[in-house]
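First up is the structure itself, then whatever we jot down about it.
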């Protein structure tokens, strides 16, 4: 499935590290892998790649999915009893033969908001996982009388558009930001925050993505 350079490099490094281990008790078998780089939103490509890999006798598939391909992949995993290991956003329900590498964040996010007593904040997201967390946040907002402004930034290409959003939020006296984006987009947003004429230390930000991040000086950031 389609992945970033960093994720592909990490996968190859992990396989190499395992295969070169000289301790036989820690390496009961040798790992071989085949790579198909495809667009996960194309269900035909996903189906063809899955069948092609299965015909090679694979025991597990490591890859990514989005909402368009999730049902196709989980159906194949259940029908063929093939494990699918993924670092993609966790799905809400437990699906047999699907192993999630990322923990579910919904409960943790709501606990953080309650702990810091954030009753008025901006939520920026760019992934399907972000939309799922947004649903949980809005349900809690209704129950707890929170004031939440949600913005999807997944289609933004020009980084200065982030600055326009931040300036708009600043005029509305929004000082708290909950950001659920991929690392590259988070860095672009923080760059625009630091380039503002306003004092960045007056804003507080929670990042729902593990680092490392770029510049974050004078910004109250909690990853």
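For the range 71-152, please list each of the strands (runs of 3 or more DSSP E) lying entirely inside it that holds at least 1 residues being more than 30 Å from residue 173 (Cα to Cα) and under 20 Å from the mean Cα position of the chain (by Cα). Even if it seems obvious, please write down each step before you answer.
Values: elements: 83-86, 98-100, 120-125, 147-152.
Per the criteria, 83-86, 98-100.
When the residues of the range 17-32 are filtered to those that are surrounded by 11 or more Cβ atoms within 10 Å (Cβ to Cβ) and in contact with a helix residue (DSSP H, G or I) (Cβ under 7 Å, 6 or more places away or on another chain), the one that is nearest to residue 57 (Cα to Cα) is 31.
For every residue, the table says whether it meets (1) modelled with pLDDT of 90 or more; (2) within 28 Å of residue 204 (Cβ to Cβ); (3) surrounded by 15 or more Cβ atoms within 10 Å (Cβ to Cβ); (4) in the same structural domain as residue 183 (by TED's automatic domain parsing).
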| site | (1), (2), (3), (4) |
| --- | --- |
| 66 | no, no, yes, no |
| 74 | no, no, yes, no |
| 86 | no, no, yes, no |
| 96 | no, no, no, no |
| 111 | yes, yes, no, yes |
| 114 | yes, yes, no, yes |
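Among the conditions (1) without any contact (Cβ under 8 Å) to a residue 40 or more places away in the chain; (2) part of a loop (DSSP other than H, G, I, E, B); (3) on the phi < 0 side of the Ramachandran plot, residue 65 misses just one, which is (1). Evaluated against (1) modelled with pLDDT under 85; (2) within 15 Å of residue 176 (Cα to Cα), residue 120 falls short on exactly one condition, (1). The condition of being farther than 30 Å from residue 146 by Cα, over 16 Å from the mean Cα position of the chain (by Cα) and loosely packed, with under 13 Cβ neighbours inside 10 Å does not hold for residue 42.
The values are calculated or read from the model by the stated rules, or taken from the named source; none is laboratory data. Everything quoted here is computed from the prediction, not taken from an experiment. Cβ: placed from backbone, ideal geometry, glycine included. Neighbour counts: every protein chain shown.
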